[in-house]
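*Asks:* Have a look at this one before I ask anything.
None of the figures in this text is laboratory data; all of them are computed from the coordinates on show. Here the structure is a predicted model, which means the values were calculated and not measured. Cβ placement follows ideal geometry from the backbone for every residue including glycine, while neighbour counts extend to all protein chains displayed.
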Amino acid sequence: MGRAPRGPATLRLGFLVRLGHAARGFVYVAMGALAGRAALFSRRSATGPAGALRWVFRERYGALVVAMVAGGLLADAVFRAVEAWTRRKRGFFSWIAPAGRSAGAALLAFTAIRVGQSLRREPDGALLREAAGWILRQSWGPRSLLAAGIVAGVVAVLEIAQGLTGRFRDRFRKKSMGRQQRAWTSRVMRAGLAAHGALVGVMAAYLFRAGMESNPRDVVGSGDALERIRKLPFGPGLLAAIGAGLVAYGLSQWILAVYRRAE
C-alpha cells in the first residue's frame with residue numbers, strides 16, 4: 001500500500017501556530033494586567049512585552065515561563081514564514097501579511113530571549129529603535145518607515161472597526177463550542193481587537209512621524225504608547241480600559257490556541 005498523500009505544509013505545521021497563540025496570549029495578559037495596575041497607581045508604569053516578561057521572570061519559575069514563551073513565539077515565526085512561502089505565488093497581498101506576522105513573532109521571541117539572558121532594564125522600544133535606526137541609514141529607509149506607519153495605521157483602524165462592529169474573521173471551530181461559549185468568545189475577541197487596534201494606532205502614528213523626520217527616537221514601543229495614552233485627557237480611565245482589553249486580547253489568543261480552525 002502507498003503512503004497517504006500529505007496535506008499542505010501549513011496544515012502539517014499547525015501545532016506551531018497554536019504554540020504561538022499561547023505564548024502571545026501570555027505576553028498580552030501580563031501587559032494588560034500591568035497597564036491596569038499603572039492606571040490605578042500613579043507611581044506604577046505601563047510597560048511593553050520586555051517589561052512584562054521581566055516582571056514574570058522575577059517570579060517563581062519565571063525563567064522557565066519566559067523560555068517557554070520564547071519557544072512558542074519562535075514556533076509561530078517559523079509557521080508564519082512557511083505560510084508566507086506557500087502563498088508567494090498568489091500575489092503580494094497574500095504573502096505579505098503572514099510575512100509581517102512572522103517578523104513580529106520573531107521580534108517578540110528575541111525580546112523574550114534578551115530578558116532571559118539579562119534582567120538589566122532596557123528602555124521600552126529599544127529594539128524597535130535600533131531596527132529603525134538601521135533602516136533610516138539606508139537610502140530607502142525613510143520611505144519604508146512611512147509605508148510601515150501607514151500599513152500599521154490601516155491595521156489599527158480595521159481592528160478597531162472589527163471590535164466595535166463584531167464583523168471579524170471567525171477563526172474558531174464553532175462545532176467544538178457551545179452556544180454560550182461562542183457568545184462570550186465573540187465578546188472577548190471584540191474587546192481584545194479594539195484595544196489592540198488602539199495601541200497599534202498610537203505606535204503607527206509615531207512610526208509615521210519617525211519616517212517623516214528621519215528620526216528613530218520618534219519610534220515608540222507598546223509601553224511608551226500606553227504611557228502616552230495615560231497622559232491624554234481622562235488618560236487613566238482610557239489606560240484601564242485598554243489594559244482590560246489587552247487582557248481580553250491575550251485570552252482570545254489562548255482560545256485560538258485550543259479552538260483554532262485548520263486553514
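*Asks:* Hey, got the dipole for the chain? About the Cα centre, +1 on K and R Cβ, -1 on D and E Cβ, debye to the nearest 20?
*Replies:* In debye, rounded to 20, the chain gives about 920.
*Asks:* Additional query: Which residues' amide hydrogens lie under 5 Å from the amide hydrogen of Gly221, considering only partners 5 or more residues apart or on another chain, with H built in the peptide plane?
*Replies:* Distant-sequence amide H within range of Gly221: Gly125.
*Asks:* Going by Cα centres, region 173-203 and region 7-78 are how many Å apart?
*Replies:* 18
*Asks:* Are there any helices in the chain, counted as whole DSSP H runs, that stretch 27 Å or more along their axis by Cα and score at least 0.0 on average by Kyte-Doolittle, and if so which?
*Replies:* Values: long enough: 14-40 (40 Å, 1.03); 62-86 (36 Å, 1.42); 92-117 (37 Å, 0.90); 141-165 (36 Å, 1.35); 179-213 (51 Å, 0.15); 235-259 (35 Å, 1.36).
Long hydrophobic helices here: 14-40, 62-86, 92-117, 141-165, 179-213, 235-259.
*Asks:* By how many nm would the segment from Lys231 to Glu130 lengthen if fully extended, with 0.36 nm per residue of separation less the alpha-carbon distance?
*Replies:* Values: separation 101, 0.36 × 101 = 36.36 nm, distance 2.55 nm.
Separation in residues times 0.36 nm, less the Cα-Cα distance, equals 33.8 nm.
*Asks:* Any idea how far apart Arg137 and Ala103 come out in nm if each label point goes 7 Å out from Cα toward Cβ?
*Replies:* 1.8
*Asks:* Still on this structure: So between Val154 and Ser176, what do we pick up on full extension, going 0.36 nm a residue minus the alpha carbon distance?
*Replies:* 4.7 nm
*Asks:* What is the spin-label model distance, in nm, from Leu40 to Thr165 if the labels are put 7 Å beyond Cα along the C-beta direction?
*Replies:* Between Leu40 and Thr165, the simple spin-label model gives 3.6 nm.
*Asks:* If eta is 0.692 mPa s and T is 37 °C, what Stokes-Einstein diffusion coefficient results for region 9-259, Kirkwood Rh from Cα pairs, in µm²/s?
*Replies:* It comes out at roughly 176 µm²/s.
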